[in-house]
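The values are calculated or read from the model by the stated rules, or taken from the named source; none is laboratory data. A quick note: this is a predicted structure, and the numbers were derived from the prediction, not measured. Please note: Cβ atoms are built from the backbone with ideal geometry, for glycine as well, and neighbour counts cover all protein chains shown.
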Protein chains: 2
Amino acid sequence: MSRSIVKAEKGTVYLVGAGPGDPELLTVKAVRLLATADVVLHDDLVSDAVLELANPRGLVSSVGKRCKNRRVTQQEIHAMMIDSAKRGLSVVRLKSGDPMVFGRANEEMNALRASGIRYEVVPGITAAFSAASAVQTSLSDRRVASKIILLTAHHASEKDQAEPLWKGKLPSDATVAIYMPGSDYAALQKDLLAAGLAPDTPCVAVSCAGTPQQTMQQTELGMLPKLSAASAPVVLLIGDAMASAEMKPNSAISRVDKLLGNVIEKIEIPTHN
Amino acid sequence: MSRSIVKAEKGTVYLVGAGPGDPELLTVKAVRLLATADVVLHDDLVSDAVLELANPRGLVSSVGKRCKNRRVTQQEIHAMMIDSAKRGLSVVRLKSGDPMVFGRANEEMNALRASGIRYEVVPGITAAFSAASAVQTSLSDRRVASKIILLTAHHASEKDQAEPLWKGKLPSDATVAIYMPGSDYAALQKDLLAAGLAPDTPCVAVSCAGTPQQTMQQTELGMLPKLSAASAPVVLLIGDAMASAEMKPNSAISRVDKLLGNVIEKIEIPTHN
């Protein structure tokens, strides 16, 4: 059987999702592109374990923009991608989670289009889903949650401090996932109560989902401000479906992650062409 | 450096996301579990290209439930998982996309818990995100879309024909992704207009995202009923962010999927332990 091997193409920019941090949760395509790219430009939250998969002969550079301490501007990121591609290099623009969620992918793609640079998007596992896997609870449940709503507290506050998280009423049959909830859980609680959620609505905060540093906390909306601060990235899952969240450490994870020594496994992907 | 190899453990059930269909978009963990599981129980929509990665010495069985033609009941799926695990086999329960979205994962996990079976969830790329990658457009955009809402038309109609897709007003700064939109686009249009969306709201329908069969159609909400029927799975993306959807076939995809002959590539994942 013939096989397809994905390699990063010269002169092309790949916007790649790095997933939650565990390299086992990268897509096969992401692993192959990382391993062959000439240049990797990554966000702050991309884990070291993922970056270890980058081409050892390539350039790996952080272009993260920490809150209020912008080390690299968005324009500089555009210029780095475009200049590298124009010089005939292959570029992986590596974003935590999925590249199409709560980042500036559209601005980056617009800049690439305007410069005539070829690009491709490779999806990744986004935080709401890695968190749901971590607490072994479906975001939807046909009995209590027929809708899934992804929000970010960070962007709203960046744009306008007075902007509430949600205008009007949130559906009661939804699971709400809040990305980058920040540390002001009292403000979040106020917005969510104002949007009509009951004080006894179950809440789960998952920090560093899918990594060895993963932590989980469970509470109710009425007690949200009492949650402890946790290491970024944090995602907050809110809704009746979260009543069945499993908060005990998942024993299966440690079992399957155990070391098996210096073994290298081949992954063969049959092509569908 | 030591390396970790994930293998399916005996007596354990893995709820695994199969992603959109392209095997390159499976997670590394999913590939390894598929390759080593004794039993694979999969939904209808899981692609043949993904199933080709299953352990050739294992049992691969479809447990799909087509609309109104239930071949395998939910109770039978539970029994197959539990019986196999109790017999000491490793089981992959393979679900299209991500296992925690619009499926019956909670019911399956409840059954496993009740029987004392170890299980683990492995996330996958869900349709909204593979579709966003296909049309090279971010689901969020800080200028026009600060919210992402995942809905399903299928489940709502299953439960109650009179149930609208959304009660009250949908936020105007959201991207709405409708899973399993079905064929009654006129009913969807009616619900979305009633929820306050403007007739000129951009809509994109992506069928078989991330596979060689992928098709994309672009329209406006006012013209939604004129969309052609497309092969399942279809996801409908609606919102102002979709104005910048790229509808031309992505030339990069065909380039990176090209055959490179009978080459087998090693993927080495350094462990983070």
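If you scan the stretch B:21-32, which residues turn out to be in contact with a Ser or Thr (Cβ under 9 Å, 6 or more places away or on another chain) and either surrounded by fewer than 22 Cβ atoms within 10 Å (Cβ to Cβ) or at the interface with chain A (Cβ under 8 Å from one of its Cβ atoms) (or both)?
Matches in the stretch B:21-32: B:ASP22, B:PRO23, B:GLU24, B:LEU25, B:LEU26, B:THR27, B:VAL28.
Can you tell me which condition A:MET223 does not meet? The list is (1) at pLDDT 50 or above; (2) outside any helix (DSSP H, G or I); (3) exposed (fewer than 15 other Cβ atoms within 10 Å of the Cβ); (4) not basic (Lys, Arg), and all the others hold.
With respect to (1) at pLDDT 50 or above; (2) outside any helix (DSSP H, G or I); (3) exposed (fewer than 15 other Cβ atoms within 10 Å of the Cβ); (4) not basic (Lys, Arg), A:MET223 is out only on (2).
Among the residues in the stretch B:127-142, are any surrounded by fewer than 24 Cβ atoms within 10 Å (Cβ to Cβ) and over 26 Å from B:ALA209 (Cα atoms)?
no
Take the residues in the stretch A:210-220 that are in a loop (DSSP other than H, G, I, E, B) and surrounded by fewer than 19 Cβ atoms within 10 Å (Cβ to Cβ), then tell me which one is modelled with the lowest pLDDT.
Let us first name the residues in the stretch A:210-220 that are in a loop (DSSP other than H, G, I, E, B), namely A:210-214.
Within this subset, residues satisfying the condition of being surrounded by fewer than 19 Cβ atoms within 10 Å (Cβ to Cβ) are A:212-213.
Working: A:PRO212: 81, A:GLN213: 84.
Selected residue: A:PRO212.
What is the one condition in (1) surrounded by fewer than 16 Cβ atoms within 10 Å (Cβ to Cβ); (2) under 15 Å from B:ASP173 (Cα atoms) that B:PRO202 does not satisfy?
The number of the failed condition is (1).
Got a sec? Which of B:LEU112, B:LEU53 is more than 30 Å from B:LYS147 (Cα to Cα), touching a Pro at 6+ places or on another chain (Cβ under 8 Å) and surrounded by fewer than 23 Cβ atoms within 10 Å (Cβ to Cβ)?
Details: B:LEU112 fails: touching a Pro at 6+ places or on another chain (Cβ under 8 Å).
One residue alone meets the criteria, B:LEU53.
Are any residues in the stretch B:162-199 touching a residue at least 40 places away in the same chain (Cβ under 8 Å) and exposed (fewer than 15 other Cβ atoms within 10 Å of the Cβ), and if so, which ones?
B:SER183
Within the stretch B:41-48, does at least one residue satisfy the condition of being surrounded by fewer than 24 Cβ atoms within 10 Å (Cβ to Cβ) and within 12 Å of chain A (Cβ to nearest Cβ)?
Yes, there is a match, as at least one residue in the stretch B:41-48 is surrounded by fewer than 24 Cβ atoms within 10 Å (Cβ to Cβ) and within 12 Å of chain A (Cβ to nearest Cβ).
Looking at the stretch B:216-238, which of the residues that are of a type in the set (Ser, Thr, Tyr) and closer than 28 Å to B:SER172 by Cβ is nearest to the chain's Cα centre (by Cα)? Give the derivation first.
Residues of the stretch B:216-238 that are of a type in the set (Ser, Thr, Tyr), as a first pass: B:219, B:228, B:231.
Subsequent filtering for residues that are closer than 28 Å to B:SER172 by Cβ retains B:219, B:228.
Numbers: B:THR219: 23, B:SER228: 21 Å.
The selected residue is B:SER228.
So if I check each of A:ARG87, A:ARG143, A:ARG113, which one is charged (D, E, K, R) and closer than 26 Å to A:VAL206 by Cα?
On the way: A:ARG87 fails: closer than 26 Å to A:VAL206 by Cα; A:ARG113 fails: closer than 26 Å to A:VAL206 by Cα.
Every option except A:ARG143 fails the conditions.
Given the criteria of a type outside the set (D, E, K, R) and farther than 26 Å from A:LEU15 by Cα, does B:PRO171 qualify?
On the way: of a type outside the set (D, E, K, R): yes; farther than 26 Å from A:LEU15 by Cα: yes.
Criteria met by B:PRO171.
Among the listed residues A:SER207, A:SER231, A:SER244, A:SER251, which satisfies the condition of being at pLDDT below 95, in contact with a helix residue (DSSP H, G or I) (Cβ under 8 Å, 6 or more places away or on another chain) and of a type in the set (Ser, Thr, Tyr)? Even if it seems obvious, please write down each step before you answer.
Working: A:SER207 fails: in contact with a helix residue (DSSP H, G or I) (Cβ under 8 Å, 6 or more places away or on another chain); A:SER231 fails: in contact with a helix residue (DSSP H, G or I) (Cβ under 8 Å, 6 or more places away or on another chain); A:SER251 fails: in contact with a helix residue (DSSP H, G or I) (Cβ under 8 Å, 6 or more places away or on another chain).
Answer to the selection: A:SER244.
Hey, can you tell me all the residues within the stretch A:56-68 that are of a type outside the set (Lys, Arg) and either buried (at least 23 other Cβ atoms within 10 Å of the Cβ) or in a loop (DSSP other than H, G, I, E, B) (or both)? Quick ask: steps written out before the conclusion?
First, the residues of the stretch A:56-68 that are of a type outside the set (Lys, Arg): A:56, A:58-64, A:67.
Correct list: A:PRO56, A:GLY58, A:VAL63, A:GLY64, A:CYS67.
Here are some conditions: (1) within 13 Å of chain B (Cβ to nearest Cβ); (2) modelled with pLDDT of 95 or more. A:VAL263 meets all but one. Which one does it not meet?
(2)
May I ask you to list the residues in the stretch A:27-45 that are in a loop (DSSP other than H, G, I, E, B) and modelled with pLDDT of 95 or more? Write out each step before concluding.
Pass one, the stretch A:27-45, residues in a loop (DSSP other than H, G, I, E, B): A:37-38, A:43-45.
A:ALA37, A:ASP38 - these are the residues of the stretch A:27-45 that are in a loop (DSSP other than H, G, I, E, B) and modelled with pLDDT of 95 or more.
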